[in-house]
1. Direction-averaged shadow area of the convex hull around the Cα atoms of segment 135-253, nm²?
2. Cα centroid distance between segment 162-187 and segment 191-253, in Å?
3. Report, in degrees rounded to the nearest 10, the 0 to 90 angle that the Cα long axis of helix 232-246 makes with the longest principal axis of the chain.
4. Work out, step by step, the length gained on full extension between residue 166 and residue 65: first 0.36 nm times the residue separation, then minus their alpha carbon distance; give nm to one decimal.
5. What residues qualify as long-range amide H neighbours of residue 100, i.e. H under 5 Å apart, gap of 5 or more or another chain, H built at 1.01 Å from N?
6. Where the only charges are on Cβ atoms (+1 Lys, Arg; -1 Asp, Glu), what is the dipole of segment 154-214 about its Cα centre, to the nearest 20 debye?
7. Suppose R0 equals 51 Å; then what is the FRET efficiency for residue 176 and residue 152 from their Cβ-Cβ distance, rounded to the nearest 0.05?
8. If you take all C-alpha pairs in segment 154-214, what percent of them are over 19 Å apart?
Amino acid sequence: MTLQPAALDAAQRDSLLGRTSPLVKLGVAAAWLVGLATTLDARPGAFLALAALVAIPLLGGVPGERIVRRLGPLALAALGIALTNLLFSASNGDPTATELARIGPLRITAEAAQAAAGLGARVLAIVSVGAAFALTTDATALADGLVQQARLSPRFAYGALAAYQAVPRLAEDLSTLRAARRLRGLRDWHPRILVGLLVRAIRHADQLALAMDARAFGTAPRTTFRPLRWGPADLVVGVAGLALLVVALVGTR
């Protein structure tokens, strides 16, 4: 059993974000998440979301069509969260709050709108930086970075990589089991199909465990097929990401 790297095209691999260590991008994303959790203002989240959306095509080489396809559903989810908090905020029932609009019995206040905008902007910023990480990061490179640069156990890092790459296989197994039921004249969906899916998942896991043991994962120091080194791109992206966070939190006050 081989571990195949995730497919990134040449433009994405050669871009600034593509050449950056996955650990740096992961650290920037975590810093943005922590920083946005400290404010309820909508402006920092909107600023960081815009910065991430601009960086994905310009610095990551990701086509605009792919960005829309990946971010569209998540952006709608962020909008739904903001709308839900706008309509059902406790501030709408506060008689001392400033009323913005009234739709029948529904009252919308300025305080509810401010809180909903802040929450929606934060969710959109987190989604955007997560998309920037996912669309410019090779899964195998992430595992290599965890082993070589973060000094994690190869058994843990590559085991997590294999589990991540096994998710599409589960979808293929489910399709195969449903096709087999149709050939037997049965309904293609039944709760029993989950038992067969579990059996196939256990078999794949057993094969993976044997493959990793055959390669002596976690038993001794290992050589590296793709050596990683810190480079100028790591410094540029790390400093720029933290600088954008500081500007968003301090400059928008």
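1. 12.4
2. 26
3. It is inclined by approximately 30 degrees.
4. 33.7 nm
5. Amide H to amide H, under 5 Å and 5 or more residues apart or across chains, residue 100 pairs with 108, 109, 110.
6. Approximately 380 debye in magnitude.
7. 0.90
8. 39
Read-outs throughout are calculated quantities, based only on the coordinates presented, and are distinct from any laboratory measurement. Quick caveat: nothing in here was measured; it's all calculated off a predicted structure. Note that we place each Cβ from the backbone using ideal geometry, even for glycine, and neighbour counts take in every protein chain shown.
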